[in-house]
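Values quoted throughout were computed directly from the atomic coordinates according to the rules given, and no laboratory measurement underlies them. None of the values given here were measured: they were computed from a predicted structure. Here the Cβ positions follow ideal geometry from the backbone for every residue, glycine too, while neighbour counts run over all protein chains shown.
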Amino acid sequence: MLVVMSGHGWVQAEGGPVYDMLPGDVVVIAPNVRHWHGATSTSSMSHVAIAAADDKRQSVYWLEYVTDTQYHGPQR
């Protein structure tokens, strides 16, 4: 779960559209869904992330960096 505190951000589940995130938005991402989130290309964004731990007591699995094509890609 992401709770946007300030700024303007984007979030995208793999293969899906890019969605805007604004202050006060709560974005729920289902477990095991590959996604990225961050500030837009022209704004900063702060958020609180809440994640449940799995049976290995790990709550976050960092993947590869988002490419420029993904970030600025055809969805925008």
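What spacing in nm lies between the two simple spin-label points modelled at Ala53 and Val66, each 7 Å away from Cα in the Cβ direction?
Those two pseudo-labels are separated by 2.8 nm.
Between Ser44 and Glu14, what FRET efficiency follows from the Cβ-Cβ distance if R0 is 22 Å, with the result rounded to 0.05?
Details: r = 25 Å, r/R0 = 1.11.
The calculated FRET efficiency here is 0.35.
Please report, in debye to the nearest 20, how large the charge dipole of region 2-72 is about its Cα centre when each Lys and Arg carries +1 at its beta carbon and each Asp and Glu carries -1 there. Could you put the intermediate results ahead of the total?
Details: 3 positive and 7 negative charges, 33 e Å.
For this selection, approximately 160 debye.
If amide H atoms are built 1.01 Å from N in the plane of the peptide, which residues on other chains or at least 5 residues away come under 5 Å of the amide H of Asp25?
Residues meeting the amide H criterion: Val4.
Based on other C-beta atoms within 10 Å, arrange Met21, Met1 from fewest to most. Please report the intermediate quantities before stating the final value.
Working: Met21 22, Met1 12.
Final ranking by Cβ density, sparse to dense: Met1, Met21.
Starting from the Cα gyration tensor of the chain, take the square roots of the eigenvalues, sort them a ≥ b ≥ c, and report rounded, prolate or oblate (rounded when a/c is under 1.5, otherwise prolate if a/b is larger than b/c, else oblate). List each step's numbers first, then the result.
Details: a/c = 2.03, a/b = 1.29, b/c = 1.57.
Taking the square roots of the gyration eigenvalues as a ≥ b ≥ c, the chain is oblate.
What stretch of the chain, leaving out the sites themselves, is the longest with no chymotrypsin sites (Phe, Trp or Tyr not before Pro) in a DSSP loop having at most 12 other Cβ atoms within 10 Å?
1-60
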